[in-house]
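Trainee: Could you have a look at this structure, given as structure tokens, before my questions?
Just so you know, all these numbers are worked out from the coordinates, no wet-lab data involved. These numbers come from a predicted model, not from an experiment. We place every Cβ from the backbone using ideal geometry, glycine too, and count neighbours over all the protein chains shown.
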Amino acid sequence: MNQIPNTFGIQASASQLFSYSSVEELQTLIREQRLTLPILHVGAGSNLLFTKDYEGTVLHSEIRYIRVMEEDVRQVIVAVGAGVCWDDFVAYGVEHGWQGAENLSLIPGEVGSAAVQNIGAYGVEVADLILSVSGVDLRSGELCQWQREACGYAYRYSIFKQPEMKHYAVTEVVFRLSKEVKPSLSYQGLADAVARSGAPCTLQTIRQAVIDLRQSKLPDPELLGNAGSFFTNPVVSQQQAEALRSSYPQMPAFPTADGRVKLSGGWLIEQCGWKGRALGDAAVYEKQALVLVNKGRATGEEIFRLSEEIIRSVKEKFGVTLSREVNVF
Ligand code: EPU
């Protein structure tokens, strides 16, 4: 059976499933028209929830290389195949003394989907490091390239998430990393963890502090099925945030660059009493309410139903609509 990889540990199969390890192999697949529509391109499946089997073709990149393109004393420009495990790339950068990706240590998934999804954590987003993204048009096999400015990056967003961009497969991402150590410690919890460790502030100690923080707050998908944050943190108008703040003075709220306010989805969900609660085997993680988990035999539908209930109660209590970060099929 064509089981689709996914970190929720949900059984779901595709009508067809192909992996390819080079651009040429992907172009051959397209040319020979062996692909049944619709096509879904997946990474490690760390941001997917299947409520049913996928009636179409699932594609997965196994393009795996890390290639230095340019280097000087200050920086390195490095091209990375979309199928490289994201954390392997982070580890490689840290080992080589390249600064930039260490705050994004241990995020599940692969390099291609990291660029699509604009992964972020501890004050850094992958878009900050990207120079360009290359891909293949799945209709024609044509090669395409987008410079960073054309990718439309925003919080957990890029143009590759738009329905009209779904016929592109990302094959390579080019990053610019620094050789000067200028740690990004704007996230207080990370700065505190690095200070507590007593070790000098190096790329390795930051990476280790991030790993420790993640392991203390987030479930390991190998042990407990999950897809990281199930929802994005909602961004609301200043007016709405102020109104909420007057009723809930302790509510966490962070100003965004565009003058709006980002709320904490985890806090809103926790206030509605959901933290640690379960509907069957679908549950809200006990240490982080933004994360939904599969405690064993939950179906995709059960997890989806739980997310519906959560959205409903947050809307009812706070008037805020949560959006799913996870893609549901
Ligand atoms: N909070 C609660 N209860 C909870 C969870 C959070 O009250 O159950 C409140 C706390 O006040 C906390 C604040 O929310 O101080 C922020 O929590 P946290 O630092 O854990 O981060 P987050 O906003 O919940 C985001 C990302 C995570 C990323 C962390 C750290 C999104 C959707 N999620 O979570 O990314 O690791 O920040 O930077 O932006 C992911 O995308 O899968 C993911 C795990």
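Trainee: At q = 0.13, 0.25, 0.26, 0.29 Å⁻¹, what log₁₀ I(q)/I(0) does the range 170-234 have when each alpha carbon counts as one equal point scatterer in the Debye sum?
Mentor: The calculated log intensity ratios at q = 0.13, 0.25, 0.26, 0.29 Å⁻¹ are -0.54, -1.05, -1.07, -1.15.
Trainee: So, one more: On a full-extension model of 0.36 nm per residue, what is the gain between Tyr155 and Asp72, subtracting their alpha-carbon distance, rounded to one decimal in nm?
Mentor: 26.8 nm
Trainee: Another question, if that's okay. State the volume of the convex hull built on the alpha-carbon positions of the range 261-307, expressed per residue in Å³ and rounded to an integer. Walk me through the intermediate numbers first.
Mentor: Details: hull volume 3.2 nm³, N = 47.
Taking the convex hull of the Cα positions in the range 261-307, it is 68 Å³ per residue.
Trainee: Would you mind checking the range 158-179 for residues with the amide N under 13 Å from a putative spin-label position 7 Å along Cα→C-beta of Ser140?
Mentor: So the set is 168.
Trainee: Kindly identify the range 129-266 as rounded, prolate or oblate by the Cα gyration tensor criterion: order the square roots of the eigenvalues as a ≥ b ≥ c, call it rounded if a/c is under 1.5, otherwise compare a/b with b/c, prolate if a/b is larger, else oblate.
Mentor: oblate
Trainee: Let me ask you something else. I need the phi-derived Karplus couplings for the range 233-239: 6.51 cos²θ - 1.76 cosθ + 1.60, θ = phi - 60°, integer Hz, Gly and Pro marked x.
Mentor: 6, x, 10, 10, 6, 4, 4
Trainee: Mind ordering 32-41, 203-212, 18-27, 101-110 by average Cβ neighbours within 10 Å, highest first?
Mentor: Peptide ranking by packing, descending: 101-110, 203-212, 18-27, 32-41.
Trainee: Please figure out what share of the DSSP beta bridges in the chain is antiparallel and state it in percent, rounded to the nearest 5.
Mentor: 80
Trainee: Continuing with this model, one more query. Based on the alpha-carbon gyration tensor of the range 61-131, what equivalent-ellipsoid semi-axes (square roots of 5 times the eigenvalues) come out, in whole Å, largest first? All intermediate terms of the calculation are to be shown ahead of the outcome.
Mentor: Numbers: eigenvalues 60, 45, 24 Å².
Over the Cα atoms of the range 61-131, the ellipsoid semi-axes are 17, 15, 11 Å.
Trainee: For the range 6-23, take each phi angle, set θ = phi - 60°, evaluate the Karplus expression 6.51 cos²θ - 1.76 cosθ + 1.60, and give the result in whole Hz per residue in order, putting x for glycine and proline.
Mentor: 7, 6, 6, x, 9, 6, 8, 10, 10, 4, 9, 9, 10, 10, 9, 10, 7, 4
Trainee: I'd like to compare 264-271, 189-196: which one has the highest average count of other Cβ atoms within 10 Å, and what's the full order after that?
Mentor: So the order, starting with the most tightly packed, is 264-271, 189-196.
Trainee: Please list, in order, the residues from the range 94-115 whose amide nitrogen is less than 14 Å from a point placed 7 Å along the Cα→Cβ vector of Gln204.
Mentor: Once the point is set 7 Å along Cα→Cβ of Gln204, 94-98 turn out to lie under 14 Å by backbone N, inside the range 94-115.
Trainee: In whole Å, what are the extents of the range 30-70 along the principal axes defined by its C-alpha atoms, from largest to smallest?
Mentor: Sorted from largest, the Cα extents of the range 30-70 read 44, 29, 12 Å.
Trainee: Can you pull the Kirkwood radius for the range 93-171, inverse mean 1/r over Cα pairs, to one decimal in Å?
Mentor: Over the range 93-171, the inverse of the mean reciprocal pair distance is 13.3 Å.
Trainee: Right, something else. Relative contact order for the chain: what percent, with Cα pairs under 8 Å and sequence separation of 6 or more?
Mentor: Relative contact order, the chain: 17 percent.
Trainee: In vacuo Debye scattering of the range 92-132, one point per C-alpha: log10 I(q)/I(0) at q = 0.13, 0.17, 0.24 Å⁻¹?
Mentor: The Cα Debye sum returns log10 ratios of -0.24, -0.42, -0.85.
Trainee: Right, next: Quick one: which of 54-62, 138-146, 218-226 comes out on top by average Cβ neighbours within 10 Å, and what's the full order, highest first?
Mentor: 54-62, 218-226, 138-146
Trainee: Further question on the same structure: Over the Cα atoms of the range 16-124, what Rg and Dmax result, in angstrom?
Mentor: Rg and Dmax of the range 16-124, Cα atoms, are 16.0, 51 Å.
Trainee: Evaluate the Debye formula for the chain with equal point scatterers sitting on the alpha carbons, no solvent, and hand back log10 of I(q)/I(0) at q = 0.10 Å⁻¹, in q order, two decimals.
Mentor: Each listed q corresponds, in turn, to -0.62.
Trainee: Right, here's the next one. Working from the alpha-carbon coordinates of the range 190-329, get Rg over Rh, Rh being the Kirkwood radius.
Mentor: Result for the range 190-329 is an Rg/Rh of 1.02.
Trainee: Tell me the relative contact order for the range 275-329 as a rounded percent, counting alpha carbon contacts under 8 Å between residues six or more apart.
Mentor: Numbers: 61 pairs, mean separation 12.3, N = 55.
This gives 22 percent for the range 275-329.
Trainee: Determine ³J(HN,Hα), in whole Hz, for all residues of the range 267-275 in sequence, where each value follows from phi through the Karplus function 6.51 cos²θ - 1.76 cosθ + 1.60 and θ = phi - 60°; x replaces Gly and Pro.
Mentor: Those phi angles translate into 5, 4, 5, 4, 4, 7, x, 8, 4 Hz.
Trainee: First select every other residue whose beta carbon is under 12 angstrom from the beta carbon of Lys166; then total the charges, Lys and Arg +1, Asp and Glu -1. Present the calculation step by step, with values, prior to reporting the outcome.
Mentor: Values: positive: Arg139, Lys161; negative: Asp137, Glu164.
Spelling it out: positives minus negatives among the neighbours equals 0.
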